[in-house]
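Here's the structure, in structure tokens; my notes come after.
The values are calculated or read from the model by the stated rules, or taken from the named source; none is laboratory data. All figures in this text were calculated on a predicted structure; none of them were measured in a lab. Here the Cβ positions follow ideal geometry from the backbone for every residue, glycine too, while neighbour counts run over all protein chains shown.
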Amino acid sequence: MSRLVIISNRLPITVNRSDGELHYHPSAGGLATGLNSLDDSYNKIWIGWPGQDIANEWEREAIKNDLIKRSLVPVFLTEREIDLYYEGFSNKTVWPHFHYFTEYTVYNDEMWAAYQEVNFKFFQAVEEHLREDDMVWVHDYQLMLLPALIRAKFPKISIGFFLHIPFPSYEVFRILPWRKEILDGILGADQVGFHTFGYMRHFLSAAYRITGYEHEFGRLTIDDRQVNVDVFPMGIDYDKYADPDVDAESDRASGEIRRLHASRKIILSVDRLDYTKGIPHRIRAFGEFIRYNPEYIGKVNLIMIVVPSRSGVDQYQSLKAEVDVLVSQVNSEYSTFDWMPIHYYYRSVNFAALTTLYREADIALITPLRDGMNLVAKEYIAAKEDSKRGVLILSEMAGAVYELNDGAITVNPQSSREIQQALVEALEMPLDEQKQRLEVMQESLRKYDVKHWAATFIKEQQKLQQKNKMHNTT
Ligand code: ADQ
């Protein structure tokens, strides 16, 4: 059986040091959650950063030995690399730029140099472990130069690349001084995948205008290689959310949440603290919703789970301060003696609590300003498998909207008025309409789950591999 070599910035396991001991726990975030639930029909190894600055050589060896038993290969980053490659070029340049926050884009050659160096460091780890008939799958915006590095050394190896964030329009992309190097890096792959048709179209247009490669139905010919560019919308592990292992603890939590919010409708939002997620806009819109619809005072609660993220980057620190202020403004303005409109939790919650909240929430309010896909929206719908009660309000700017727009109420996240109207519509929606909308979305999410996503990507890549092999032997 040929192996699948998955490479992503983060391993699905994070290493932590506390009380002088090493601890391993599953990493949070969309990619880890998704690929972790891949079934075992692939013989796979995973290469990535275990998420800590481990300077001690002896400790590195210990971690390496622990991880290799789980088919995981760690790439250790130094403090400087974390600063310049991860928090720097990845999260201060590519992340804001690709999400259309060009005013936040940092243009810094030192960061770019570190990005190149770390991509090369990942390449060295790949080189050490790669076998001739392996299939490689590189993930996301931190490793856009890696496909071409692997291609240069292993011209015949099959390489896939998937981008989990939006690919911006050509007019935005071309502002980046390193646009050509980034495209050349990605185009080292045989197959390039995106969540939506729009991202794919932007990529093809940028490839044509910047590198001159024309495509025919998403196929580019580069030297003697065919590159397939296509859309693979990522799904979720549907059953995990539809039928979670409910232990006594989450059963008790469910009851508690219901009791606390008795006779009140729960509006839920769950996101990392990130300026792309539209959190301040959402809080303002919710405040205005209360102001203009005072009949809901005491009758609704917005529960906001905000997961700490990238706290080393300036914008994230100021966003945290802004969210704190906005929440307290709304709460101090509208609270009554026995009611507080927003319940704001700035922390990560465990799976039991997350699925309990999904199950209990009457409405999910998911309003990113820009989001590659957004898995939370999908998880919320799956969690309604049994109850068939619940309404999803979803931003037009999330990749997930193209699969969910038959059942969700869609809004422009910049429009407070639209969010307010959507909240009224959701709060008043009859149960049979909720059920009907949920069923439409559940049917497609059940079918196009994360296993389907990974299997389709790999199957298409295999087909291409066969074709390229035949082409090379004729
Ligand atoms: P993210 O920006 O991290 O992912 P999202 O798609 O919503 O956004 O994934 C978050 C994941 O983390 C979900 O699976 C969720 O269950 C989990 N999670 C959220 N809150 C949690 C909490 N408090 N505790 C534990 N787990 C929590 C990036 C892109 C997205 C894209 C994904 C996958 O930005 O647009 O959908 O990758 O491609």
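Name the single residue, out of those in region 399-415 being of a type in the set (A, V, I, L, M) and under 18 Å from Val440 (Cα atoms), that is farthest from the ligand (Cβ to nearest atom). Among them, the one singled out is Ile409. Within region 424-456, restricting attention to residues that are buried (at least 16 other Cβ atoms within 10 Å of the Cβ) and modelled with pLDDT under 95, the residue that is farthest from Lys240 (Cα to Cα) is Thr456. Pull up region 290-315, narrow it to residues that are crowded, with 19+ Cβ neighbours inside 10 Å and farther than 21 Å from Tyr86 by Cα, then point me to the one that is nearest to the ligand (Cβ to nearest atom). Selected residue: Ile305.
Figure legend. Inter-residue proximity from region 1-20: first residues assigned to a loop (DSSP other than H, G, I, E, B), second residues small (Gly, Ala, Ser) and at pLDDT 90 or above, beta-carbon distance below 6 Å, spacing 6+ or different chains. Indicated pairs: Leu11/Gly48. When Ala383 is tested against the conditions (1) touching a strand residue (DSSP E or B) at 6+ places or on another chain (Cβ under 8 Å); (2) within 11 Å of the ligand (Cβ to nearest atom); (3) not acidic (Asp, Glu), the lone failure is (1).
Residue count for region 328-376 satisfying the condition of being closer than 26 Å to Tyr100 by Cβ and of a type in the set (Phe, Trp, Tyr): 1.
Each residue in region 192-224 was checked for being in contact with a His (Cβ under 9 Å, 6 or more places away or on another chain) and farther than 25 Å from Ala454 by Cβ, and 3 of them qualify.
For the structure I just gave you, tell me whether Ser205 is crowded, with 16+ Cβ neighbours inside 10 Å, modelled with pLDDT under 90, assigned to a helix (DSSP H, G or I) and among the hydroxyl-bearing types (Ser, Thr, Tyr).
Numbers: crowded, with 16+ Cβ neighbours inside 10 Å: yes; modelled with pLDDT under 90: no; assigned to a helix (DSSP H, G or I): yes; among the hydroxyl-bearing types (Ser, Thr, Tyr): yes.
The answer is no for Ser205.
All of (1) more than 24 Å from the chain's Cα centre (by Cα); (2) within 15 Å of the ligand (Cβ to nearest atom); (3) in a helix (DSSP H, G or I) hold for Ser328 with one exception: (2). Every condition in (1) of a type outside the set (S, T, N, Q); (2) away from the ligand (no atom under 16 Å from the Cβ); (3) modelled with pLDDT under 95; (4) on the phi > 0 side of the Ramachandran plot is met by Lys388 except one, and the failing one is (3). May I ask you to list the residues in region 337-367 that are within 8 Å of the ligand (Cβ to nearest atom), part of a loop (DSSP other than H, G, I, E, B) and either surrounded by 19 or more Cβ atoms within 10 Å (Cβ to Cβ) or of a type outside the set (S, T, N, Q) (or both)? Once the filter is applied, which keeps residues that are within 8 Å of the ligand (Cβ to nearest atom), part of a loop (DSSP other than H, G, I, E, B) and either surrounded by 19 or more Cβ atoms within 10 Å (Cβ to Cβ) or of a type outside the set (S, T, N, Q) (or both), region 337-367 yields Arg347, Val349. Scanning region 368-378 for residues that are over 12 Å from Leu438 (Cα atoms) and either more than 10 Å from the ligand (Cβ to nearest atom) or of a type in the set (D, E, K, R) (or both) yields Leu369, Arg370, Asp371. Per the listing Asn65, Asn119, the residue uniquely touching a Leu at 6+ places or on another chain (Cβ under 6 Å) and in a helix (DSSP H, G or I) is Asn119.
Going through Lys469, Lys388 one at a time, which residue ends up being more than 30 Å from Thr102 (Cβ to Cβ) and assigned to a helix (DSSP H, G or I)? Please lay out each step first, then the result.
Values: Lys388 fails: assigned to a helix (DSSP H, G or I).
Result of the check over Lys469, Lys388: Lys469.
When region 227-277 is filtered for residues that are surrounded by 14 or more Cβ atoms within 10 Å (Cβ to Cβ), away from the ligand (no atom under 12 Å from the Cβ), of a type outside the set (Val, Ile, Thr) and in a loop (DSSP other than H, G, I, E, B), the ones remaining, listed by number, are His261, Arg264.
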